[in-house]
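The values are calculated or read from the model by the stated rules, or taken from the named source; none is laboratory data. Since this is a predicted model, take the numbers as computed values, not measurements. Cβ coordinates were reconstructed from backbone atoms using ideal geometry, including for glycine residues, and neighbour counts include every protein chain displayed.
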């Protein structure tokens, strides 16, 4: 029995040898009849492929880390710049409401704005990677999932890690953003402060800052009623620089000539970038051309103060959340500007009689946005005719007196100041003129 088993093993071994010889012979003739020296070990391609795989995984890991390092600063800058809306800008603050235009956040604007600033921070990391060439990202490669609060990369092009053997990777990634993207409360604040304060104005007269006082009061009221979000005015480390530039702009845009503007002349202008320095220089030339004088806070001037038509207010909204940016914890604040509608009638002009010249002498309104004066006329001892008026141009120089060529002994007049929105006070009632 044992001999039979040994004989079967021998037969099987012989059969395997014959088959192996046949396969070798077939391969020999199929490959051209020669077998050269062995130059590569079996599995070398597989070893190269593993190396390329490791390169690809290293690139993926690098992109994940770069995305993680970029997300906090991207979120911080995104909110600091008010989402980069298309309603214009006032200094460093983007408008969410600019006169009749509104730019409240939408899913689309949040995704676009956040992707734009994120790409701006991510691509320097991409350029700095030396092991392989990584293509730069564009905003088209990113999508923001608002429901999951994720920024997800879906690049159109794969990265070629190796041509031989061919190995491609898709450089996709996703980052979680633990942030509240609900801005309904900010919209509610803007609409509320606009409705409450639009019938008021600020004047360059002591005690006549109704608009600013109204806005500040509404901020306090809103904060007391809302514990999850806090509104403040003129915030941020660069608020002083922004105020300095804005003071120059307001003075240059004042409709008055031959007047003075109070400005913080102690501010160090060397801290401004080239663009802002050029803007300040340009505004300064205009101020000088209009015979305006810049003086420091609480200084004296023989001129009258320029009337500044400023209905733009700047705010920050915060939710007590901070992120690590540049090695420091920074509080996230949503900065935005809002223009308060002008529904307020200008202050009246003062009318005097010049007995010597036999004319009416009109002292201009202290309101900053007077477009013209409508003079309604009536003969002495008769009612004034309000069916038509004579128009007078505003006085460019705030100290200038306007004369109206009617004899005070024969006529009565009512001088109505009309602003650029047509607001006026006609016969004691707010009206449209």
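Among the residues of region 219-242, those that are in contact with a strand residue (DSSP E or B) (Cβ under 9 Å, 6 or more places away or on another chain) and either under 16 Å from residue 93 (Cα atoms) or surrounded by 16 or more Cβ atoms within 10 Å (Cβ to Cβ) (or both) comprise 219, 222, 229, 231, 232, 233, 234, 235, 236, 239, 242.
Under the condition of being part of a loop (DSSP other than H, G, I, E, B) and either closer than 16 Å to residue 246 by Cβ or outside the structural domain of residue 246 (by TED's automatic domain parsing) (or both), the residues counted in region 293-302 number 1.
Residue check: residue 355 meets all listed conditions (1) within 46 Å of the chain's Cα centre (by Cα); (2) more than 27 Å from residue 253 (Cβ to Cβ); (3) loosely packed, with under 12 Cβ neighbours inside 10 Å but one, namely (1). Of all the listed residues (414, 341, 369), the sole one being under 48 Å from the mean Cα position of the chain (by Cα), within 28 Å of residue 99 (Cβ to Cβ) and modelled with pLDDT of 95 or more is 341.
Scanning region 196-203 for residues that are assigned to a strand (DSSP E or B), touching a strand residue (DSSP E or B) at 6+ places or on another chain (Cβ under 8 Å) and closer than 30 Å to residue 50 by Cα turns up nothing.
One residue stands out in region 380-395 among those that are within 19 Å of residue 407 (Cβ to Cβ) and surrounded by 12 or more Cβ atoms within 10 Å (Cβ to Cβ): the one that is nearest to the chain's Cα centre (by Cα), namely 392. The condition of being out of contact with any helix residue (DSSP H, G or I) (no Cβ under 6 Å at 6 or more places or on another chain) and in contact (Cβ under 8 Å) with a residue 60 or more places away in the chain does not hold for residue 271. The set of residues in region 246-260 that are closer than 21 Å to residue 234 by Cα and touching a strand residue (DSSP E or B) at 6+ places or on another chain (Cβ under 6 Å) contains only 251.
Residues of region 224-238 being free of Cβ contacts under 8 Å to residues at least 24 places away in the same chain and within 23 Å of the chain's Cα centre (by Cα), which ones? Listed by number, the list holds a single entry, 237.
The residue list 41, 77 contains one member that is surrounded by 15 or more Cβ atoms within 10 Å (Cβ to Cβ) and either at pLDDT below 90 or not assigned by TED's automatic domain parsing to the domain that holds residue 317 (or both), which is 77. Tell me, yes or no, whether region 182-198 has at least one residue that is more than 30 Å from residue 151 (Cβ to Cβ), in contact with a helix residue (DSSP H, G or I) (Cβ under 9 Å, 6 or more places away or on another chain), free of Cβ contacts under 8 Å to residues at least 60 places away in the same chain and not assigned by TED's automatic domain parsing to the domain that holds residue 115. Scanning region 182-198 turns up at least one residue that is more than 30 Å from residue 151 (Cβ to Cβ), in contact with a helix residue (DSSP H, G or I) (Cβ under 9 Å, 6 or more places away or on another chain), free of Cβ contacts under 8 Å to residues at least 60 places away in the same chain and not assigned by TED's automatic domain parsing to the domain that holds residue 115. The set of residues from region 269-292 being assigned to a loop (DSSP other than H, G, I, E, B) and over 16 Å from residue 239 (Cα atoms) comprises 290, 291, 292. Before we move on, is residue 153 assigned by TED's automatic domain parsing to the domain that holds residue 51 and exposed (fewer than 13 other Cβ atoms within 10 Å of the Cβ)? Taking the combined requirement at face value, the residue does not satisfy it. Residue pairs whose Cβ atoms lie under 8 Å apart, separated by 6 or more positions or on different chains, with the first residue in region 162-176 and more than 16 Å from residue 122 (Cβ to Cβ) and the second at pLDDT 85 or above, are 169/59; 169/60. Of all the residues in region 154-200, those that are over 26 Å from the mean Cα position of the chain (by Cα) and farther than 30 Å from residue 119 by Cβ number 4.
Within region 92-135, the set of residues being surrounded by fewer than 19 Cβ atoms within 10 Å (Cβ to Cβ) and assigned to a loop (DSSP other than H, G, I, E, B) comprises 99, 100, 104, 106, 129, 130, 131, 132, 133, 135.
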